[in-house]
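A short worksheet on the structure shown next.
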Amino acid sequence: QVQLVESGGGLVQAGGSLRLSCAASGSIFSGNVMGWYRQAPGKQREMVAAITRGGTTNYADSVKGRFTISRDNAKNTVYLQMNSLKPEDTAVYYCNYKVRDYLAWGQGTQVTVSS
């Protein structure tokens, strides 16, 4: 099993920045993909960004140019640098880890952007 622990959420004004971190522990396999999803009140969970172990990234259109995902494989940690935040970015952000048919989720961290 894999455990994920997120940190870095909080309250920020529109236009500000936050950096989220997610540390994975347990049975880490190579070839995994780690990513960030978010869920706003009353909405479905949506993919924000994902990154392979080799560094290939994928972003939701709504965050392209503002958010950057990165990872440190030695630390089994993935990061999400969020710049130019907007009120519509307000959500609970979840880290996930996927390898083959195994999927793990973190507990989530709240990001609130005030206007």
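Numerical summary
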| read-out | value |
| --- | --- |
| Local electrostatic count at residue 40 - Lys and Arg +1, Asp and Glu -1, tallied over other residues with Cβ under 14 Å | +1 |
| For region 1-45 and region 54-115, distance of Cα centres in Å | 5 Å |
| Listed residues 75, 98, 86, most fluctuating in the chain (Gaussian network, C-alpha, under 10 Å) | 75 |
| Sulfur and carbon atoms: percent of accessible area, the chain [1.4 Å] | 48 percent |
| Vicinal HN-Hα couplings computed from phi for region 29-34 (Karplus, 6.51 cos²θ - 1.76 cosθ + 1.60; Hz; Gly/Pro x) | 10, 5, x, 7, 10, 10 |
| Extension reserve of the residue 100-residue 47 stretch, reckoned as 0.36 nm per residue once the Cα distance is removed | 17.3 nm |
| Förster-model FRET efficiency, 30 Å R0, residue 75 and residue 11, C-beta, rounded to 0.05 | 0.65 |
| Phi to ³J(HN,Hα) by Karplus 6.51 cos²θ - 1.76 cosθ + 1.60 over region 72-77, Hz, x for Gly, Pro | 10, 5, 5, 9, 6, 10 |
| GNM top mover of 44, 13, 81 - the chain, alpha-carbon springs below 10 Å | 44 |
| Estimated FRET transfer efficiency (residue 28, residue 115; beta-carbon r; R0 25 Å; 0.05) | 0.05 |
| Low-density loop cleavage sites - chymotrypsin sites (Phe, Trp or Tyr not before Pro) in region 23-81, where at most 12 other Cβ are within 10 Å (DSSP) | 29 |
| Å² per residue, accessible surface of region 1-69 at 1.4 Å | 55 Å² |
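The values are calculated or read from the model by the stated rules, or taken from the named source; none is laboratory data. Since we're looking at a predicted model, the values are computed, not measured. Here the Cβ is made from the backbone with ideal geometry for all residues, glycine too, and neighbour counts use every protein chain on show. All accessible areas refer to the heavy atoms of the entire protein, side chains included, with ligands and DNA or RNA removed. Shrake-Rupley method; radii C 1.70, N 1.55, O 1.52, S 1.80 Å.
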